[in-house]
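The structure under discussion appears below in the form of structure tokens.
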Amino acid sequence: MTDHLTEATPDVTEATPDVPAAATDAPLPHAPGDAQAAALVVRRVWAEVLDVEAESIDVHQGDFFELGGYSLLALQAIGRILTEYGIDDVESVEWEGELLNRLFDNATPMAQAEFLAEKGCGTPTRTGAGSSATVPTVQ
């Protein structure tokens, strides 16, 4: 009874063309980004959401929750950051979850920025409200 199934099933290994290894090595969707530039974006967005001066937030040690943040503000900040980088709706779902998890693990702008840099973000490609064209150096 299974003989007719075996005969009708094509052998895909024969139909697959030989593809050079280099052609199958597709580029990553995002090149590594600039964590320092991303940290400044995160700091500016946090300052807007938390209603504090951006300069008062240390990108390495400033804690979102100690600065007055809470989970709903965290989601708002993450949404603004993703909008700043022009992340589409589908991708933003994954990124939002990862950024929120990282925020609860390490609530500093640099922790958020390191994830963004891993995904290829640094200086935003499209400017959002309040963004500046120049990005100062993180100190």
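Odds and ends about this structure:
- Of all residues making up region 47-57, the number that are closer than 14 Å to Ile81 by Cα and open to solvent by 70 Å² or more (accessible area, probe 1.4 Å): 1
- Those residues of region 105-137 which are outside any helix (DSSP H, G or I), open to solvent by less than 20 Å² (accessible area, probe 1.4 Å) and modelled with pLDDT under 95, in sequence order: Cys121, Gly122
Here's the yes/no breakdown for (1) modelled with pLDDT under 95; (2) open to solvent by 30 Å² or more (accessible area, probe 1.4 Å); (3) more than 27 Å from the chain's Cα centre (by Cα):
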| residue | (1), (2), (3) |
| --- | --- |
| Thr2 | yes, yes, yes |
| Glu7 | yes, yes, yes |
| Thr16 | yes, yes, yes |
| Val19 | yes, yes, yes |
| His30 | yes, yes, no |
| Gly33 | yes, yes, no |
| Gln36 | yes, yes, no |
| Val45 | no, no, no |
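- Hits in region 58-104 - residues which are open to solvent by 40 Å² or more (accessible area, probe 1.4 Å), in contact (Cβ under 8 Å) with a residue 40 or more places away in the chain and in a helix (DSSP H, G or I): Arg80, Thr83
The values are calculated or read from the model by the stated rules, or taken from the named source; none is laboratory data. Keep in mind that this is a model prediction, so the values were computed, not measured. A quick note on method: Cβ atoms are made from the backbone with ideal geometry, for glycine too, and the neighbour counts reach across all protein chains shown. With ligands, DNA and RNA removed, areas are computed over all heavy atoms of the protein, side chains included. Shrake-Rupley method; radii C 1.70, N 1.55, O 1.52, S 1.80 Å.
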